[in-house]
1. Residue-wise, which Karplus ³J(HN,Hα) couplings in Hz belong to the range 282-287, taking 6.51 cos²θ - 1.76 cosθ + 1.60, θ = phi - 60°, and x for glycine or proline?
2. Could you state the accessible area per residue of the chain in Å², with a 1.4 Å probe and every protein chain left in place?
3. Quick check: net charge around ILE324, other residues with Cβ under 15 Å of its Cβ, Lys/Arg +1 and Asp/Glu -1?
4. How large a share of the accessible area of the range 183-327, in percent, is made up of carbon and sulfur atoms when the probe is 1.4 Å and the other protein chains stay in place?
5. Using Cα-Cα distances under 8 Å and only pairs 6 or more residues apart, what relative contact order does the chain have, in percent?
6. If you line up the long axis of helix 236-248 against the longest principal axis of the chain, both from Cα atoms, how many degrees apart are they, to the nearest 10?
7. Mind checking the dipole of the chain: about its Cα centre, +1 per Lys or Arg Cβ, -1 per Asp or Glu Cβ, Debye to the nearest 20?
8. Calculate log10 I(q)/I(0) of the range 192-328 for q = 0.16, 0.21 Å⁻¹, where I(q) comes from the Debye formula with a single equal point scatterer on each Cα and nothing for solvent.
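The values are calculated or read from the model by the stated rules, or taken from the named source; none is laboratory data. Only a predicted model underlies this, so the values are computations on that prediction, with no experimental measurement involved. Cβ atoms come from the backbone with ideal geometry, glycine included; neighbour counts cover every protein chain shown. To get the accessible areas, we keep the full protein, side chains included, count just its heavy atoms, and leave off ligands, DNA and RNA. Shrake-Rupley method; radii C 1.70, N 1.55, O 1.52, S 1.80 Å.
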Amino acid sequence: MFILKPRQKKLLAYFILFSGATLLLLLLFDVVLDKPVSKRHLPKKFGATYMTMDNQFFEILNTSIQDVIISNGDQLITRDPAQNQEKQNEQISDMLSLKVDLIFINPVDWNKITPALDACRKAGVPYIFVDSDAPADTCAVSVVMSDNYKAGVQTAEDIISKRKKASIALLYDRNIRSMYERTQGLLDTLNAASFDYTIVYDCTYTSMMIQSMAAMQQYLDTSAHTNVDVVFGANDPTALGALAALQKVHRSSGILVYGVDGSPSCKTMIHEGYMEGTAAQFPQIMGRTAAETAYAYLSGRRIDKKIIIPVKFITKENVEDFDILGWQ
């Protein structure tokens with residue numbers, strides 16, 4: 001049998017005493033001091049509501065936000081109001097009842113979203129506008145959006161370079177701030193050029209492909225003798241709807257059709273020669289930037305009140321520089 005010598009017994013006693021003290025300290029830190037050794041992650045909960053999810057742009061935008069949030073071990077609750085502002089207000093109210101930490105908002109109607117924003121302020125829940133904002137609101141912690149006015153300017157500059165005289169059809173929704181700003185950028189630039197441009201059709205209630213196709217078709221049916229040289233859709237679905245209406249009555253030849261988004265569908269139409277151009281947005285960058293801004297704000301860091309993401313104009317000359325089948 002192995003017998004410990006007195007010195008060995010003393011060393012063993014010290015080892016046992018030291019191990020016990022170490023274990024006790026670890027328990028104290030882990031239990032009494034709120035687990036600094038193995039602190040648990042308490043997941044944050046975010047909400048997001050966009051004017052519609054029936055638009056691939058918002059799918060890409062939401063996925064980009066979600067990727068950042070999931071990578072942080074947190075949760076994103078996404079809702080689709082289907083172009084209904086009252087429904088969007090209700091969705092925001094539901095998110096508040098779920099105790100979300102922050103909401104990403106893309107307003108359906110910038111004039112009618114105020115009750116939901118008031119509810120956020122009352123509940124103490126911050127919100128970030130994405131892609132479009134409500135300019136009268138001053139309480140959003142940040143706005144992350146494309147340079148919408150510049151998208152209209154770029155389109156007008158391309159028109160000016162190709163036509164000094166034109167009859168122009170406009171299709172947009174004036175209640176969607178981003179579309180309104182794009183159209184205003186176009187009109188301001190055309191007016192400043194002092195050439196012979198006439199707005200022959202001003203459709204102010206469309207933002208979806210089916211809506212714009214019906215609106216353009218109605219205009220063509222009732223204005224058979226009116227020439228249209230240029231069509232501006234303030235987003236790509238609107239432009240594609242107008243193009244479909246023109247093609248249906250075989251009047252698309254020679255007409256310059258423009259959109260805003262840089263969607264795969266429009267880039268394909270530009271590549272094939274059916275559309276003239278689109279001002280490309282970058283929804284992946286927008287979503288990632290919005291999510292990173294949210295985390296910066298919640299961690300107490302200083303953030304920019306407005307983050308403007310540049311747009312790039314795409315025509316047949318440079319469309320192959322972009323991923324035609326994907327988003328930027």
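1. 10, x, 5, 5, 4, x
2. On a per-residue basis, 51 Å².
3. So the environment of ILE324 carries a net charge of -4.
4. Here carbon and sulfur together make up 50 percent of the probe-accessible area.
5. The normalised contact order for the chain reaches 16 percent.
6. 30 degrees
7. 2000 debye
8. Log10 of I(q)/I(0), two decimals: -0.86, -1.20.
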